[in-house]
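Data first, discussion second: the structure below is written as structure tokens.
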Amino acid sequence: MNPLRIGIPSKGRLAELAEELLVEAGLSFRRQNRSLFARVKELPIDVTFLRTEDIPVLCAEGAIDMGITGSDLLAEAEVPLAVRLPLGVGRCRLSLCVSEDGPIRTLADLSGKRIATSFPNVTRKFLETHQVADVHLVQLSGSVEVMIALGIADAIVDLVSTGSTLKANNLIAVEHIMDISSRLIVNQAALKLKRELLVPILDAIAGVVER
């Protein structure tokens, strides 16, 4: 049997949490010199260090068998995956935010306006659900919080944790879109083909989460 491949973020707070979770679940490994791969000791398991936003698609496509990523990225990717176990870490929320001094306060105020976001699919669905039309989405990969000040957008949809970034940029959240946390995801085919190796790992991780 080919090794089980687990994809986790290569950097950031979620990367640290993912490594801690796997180690607590009994998977002993060490990343060396910023390598993209690490072999788990005494088990046919490879840990791969990836961009967090790529993990849902790579897992769905079979490049990895299991991964840890955020529920926001799962919602945005819109790909089929077998298991989406909540891990209880990395909690925040996805919100619609506007200038504290601006005229926008309700969804109705968004008509004819521009929204900058790294989550166009989620944002589009939210707007459609609330029957908000005539909105132009500006898709970006980062630094969304400065787009109103730069004149690129009238509102943003972005992740909010403590709210300190909003305050620093004179922004307020006016609509809650979804709660976000980390998820353990599994490729559908791997759940069948590598079940003997995969299920004990899933159980061990679930045991850590439930402590």
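Every read-out reported here was derived from the displayed coordinates using simple, explicitly stated rules and does not represent laboratory data. Everything numeric here is computed off the predicted structure, so don't read it as measured data. Every residue, glycine as well, gets a Cβ built from its backbone with ideal geometry; the counts of neighbours run over all protein chains shown.
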State to the nearest 20 debye the size of the charge dipole of the chain about its Cα centre, where the only charges are +1 on K and R beta carbons and -1 on D and E beta carbons.
540 debye
Express the relative contact order of the stretch 92-179 as a whole percentage, based on alpha carbon pairs under 8 Å and six or more residues apart in sequence.
50 percent
Normalised by the residues of the chain, what does the relative contact order come to in percent, with Cα pairs under 8 Å and at least six apart?
28 percent
So, in Å, what gap is there between the alpha-carbon centers of the stretch 178-211 and the stretch 66-93?
11 Å
Computed helical MRE - 222 nm, the chain, DSSP H runs ≥ 4 contributing -39500 (n - 2.57), nearest 500
-8000 deg cm²/dmol
Quick one: which residues, 5 or more positions from residue 135 or on another chain, have an amide H under 5 Å from its amide H? H modelled 1.01 Å from N in the peptide plane, none for Pro or chain starts.
112
Of 120, 103, 80, which has the largest mean-square fluctuation in a 10 Å C-alpha GNM of the chain?
103
How many lysine pairs are close in the chain, with Cα atoms under 25 Å apart and the two 8 or more places apart or on different chains?
5
Measure nothing but the geometry: give the 0 to 90° angle between the long axis through the Cα atoms of 120-129 and the longest principal axis through the Cα atoms of the chain, rounded to 10°.
60 degrees
Report the net charge of residues surrounding residue 35, where surrounding means a beta-carbon distance below 14 angstrom and charges are Lys +1, Arg +1, Asp -1, Glu -1.
+3
Rounded tilt (10° steps) of 13-24 against the dominant C-alpha axis of the chain:
30 degrees
Of all trypsin sites (Lys or Arg not before Pro) in the stretch 1-79, the ones in DSSP coil with at most 14 other Cβ atoms within 10 Å are 11, 30, 34, 41, 51
Between the Cα axis of helix 195-209 and the main Cα principal axis of the chain, the angle (0 to 90°, nearest 10) is 60 degrees
Anisotropy class of the stretch 92-179 from Cα gyration tensor, a/c 1.5 cut:
rounded
GluC sites (Glu not before Pro) restricted to the stretch 1-97 and DSSP loop, no more than 16 other C-beta within 10 Å:
42, 78
Which option, [x] 33, 17, 14; [y] 37, 17, 14; [z] 31, 20, 16, is the value of semi-axes √(5λ) of the Cα gyration tensor in Å that was calculated from these coordinates?
[y]
Please list, ordered by chain and number, the residues whose modelled amide H lies under 5 Å from the amide H of residue 175; skip anything fewer than 5 residues away on the same chain.
96
Counting only residues 5 or more apart in sequence or on a different chain, those whose built amide H sits under 5 Å from that of residue 85 are 184
